[in-house]
Amino acid sequence: MNELQDEICDRLMGSKLSPHWVGGLFHVAALVLEPDFTPNVRSDGRPRQYARVVGWPLVFCEAVMGISAGLPTEDDRRTLAVSLFGTIPTQKVGKTLPPMPRKHARDAAIWAVPLAHECACSADCPLHTAMLAFLEADSAQQQWSSPFEAGFSCRSAPRKEHQTVSATSSASHHAVVAIRYLVKLLKNDSDSHSIPDALREAGKAITKSKGLAAGMQYCHNLAVHLEMIPARPSE
Ligand SMILES: [Zn+2]
């Protein structure tokens, strides 16, 4: 851990942590990195602003905030925050955040979504089998159709893929919504919203079904997939 990481973790330990961007874990870190930091007046500009200050990819920050917002207590949010800032160094990126290589983010979604559905539901759900089939067809550049349009449904969250998720949604509901975003992403490569949406919903599904430790492991592995940190020798 470098000195800055140490200082951020210290600050996180002694601060209130809101589940929102303002007053949340990235805000506390931003105030260590830029003491005169003030959040953008426009709320839709804030995620990119926080991502730039810590120097982490926007898709990663959005996934982390999604997981953080879904945690039941402030102490859980603090544990997540300290684990992240303790293991992932912040980066100096200057005035604008460099774009994330699309292939890394796309591959991360292809890794995350099946894992999330397996955690929240099971690998022998008909939708899971259909998802693995379309992923295989897509990687072989063959034609495939959406499993939802083909009539497949999740056993744990039947026909919930188009229903809006909320704080009280089940893990499997988050997982099927993540699958819907993955389908959208693979059907349209220029779609820029489906990657963060898929990674966020996958993270919520994993954390809600397997708990905080699994959510932290997901964030760590996601950081490896996004090439923010090297894989541990065992990974
Ligand atoms: Zn299922």
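Which of Arg42, Arg11, Arg52 moves most in a GNM of the chain, Cα contacts under 10 Å?
Among Arg42, Arg11, Arg52, the largest GNM mean-square fluctuation belongs to Arg42.
Would you work out if region 102-225 is rounded, prolate or oblate? Take a ≥ b ≥ c from the square roots of the eigenvalues of the alpha-carbon gyration tensor; rounded if a/c is under 1.5, else prolate when a/b is larger than b/c, oblate otherwise.
Cα axes put region 102-225 in the oblate bin.
Percent relative contact order of the chain, based on C-alpha pairs within less than 8 angstrom and at least six residues apart?
That works out to 22 percent.
Over region 3-87, what per residue volume does the convex hull of the Cα atoms give, in whole Å³?
Residue-normalised Cα hull volume stands at 83 Å³.
Which of the three applies to region 61-172, rounded, prolate or oblate, going by the alpha-carbon gyration tensor with a ≥ b ≥ c and a/c under 1.5 meaning rounded?
The shape class here is oblate.
Which residue, Ile88, Ile67, Ile195, tops the fluctuation ranking in a GNM of the chain built on C-alpha contacts under 10 Å?
Per the Cα network of the chain with a 10 Å cutoff, Ile88 tops the list.
Report the charge-dipole magnitude of the chain in Debye, nearest 20, computed about the Cα centre from +1 at each Lys and Arg Cβ and -1 at each Asp and Glu Cβ.
420 debye
Springs between alpha-carbon atoms under 10 Å, Gaussian network over the chain: tell me which of Leu115, Leu132, Leu182 tops the mean-square fluctuations.
Looking only at Leu115, Leu132, Leu182, the biggest GNM fluctuation is shown by Leu132.
Which aspartates and glutamates have a Cα lying under 20 Å from the Cα of Lys187, excluding residues fewer than 8 positions away in the same chain?
Asp107, Glu136, Asp138, Glu149, Glu161, Asp197, Glu201
List the trypsin sites (Lys or Arg not before Pro) in region 147-182 that DSSP assigns to loop (not H, G, I, E or B) and whose Cβ has at most 16 other Cβ atoms within 10 Å. Which are they?
Arg155, Arg159
Considering the chain, what Rg and Dmax in Å follow from its alpha-carbon atoms?
Answer for the chain, Rg first and Dmax second: 17.8, 54 Å.
Exceeding 19 Å between C-alpha atoms, which entries from my cross-link table qualify? They are Lys16/Lys208; Lys160/Lys184; Lys160/Lys208.
Correct reply: Lys16/Lys208.
Taken together, the values in this text are just the output of simple stated rules run on the coordinates, not laboratory data. If you're wondering where the values come from, they're calculated on a predicted model, not measured in any experiment. Neighbour counts are summed over all protein chains in view; Cβ atoms, including those assigned to glycine, are modelled from backbone coordinates with ideal geometry.
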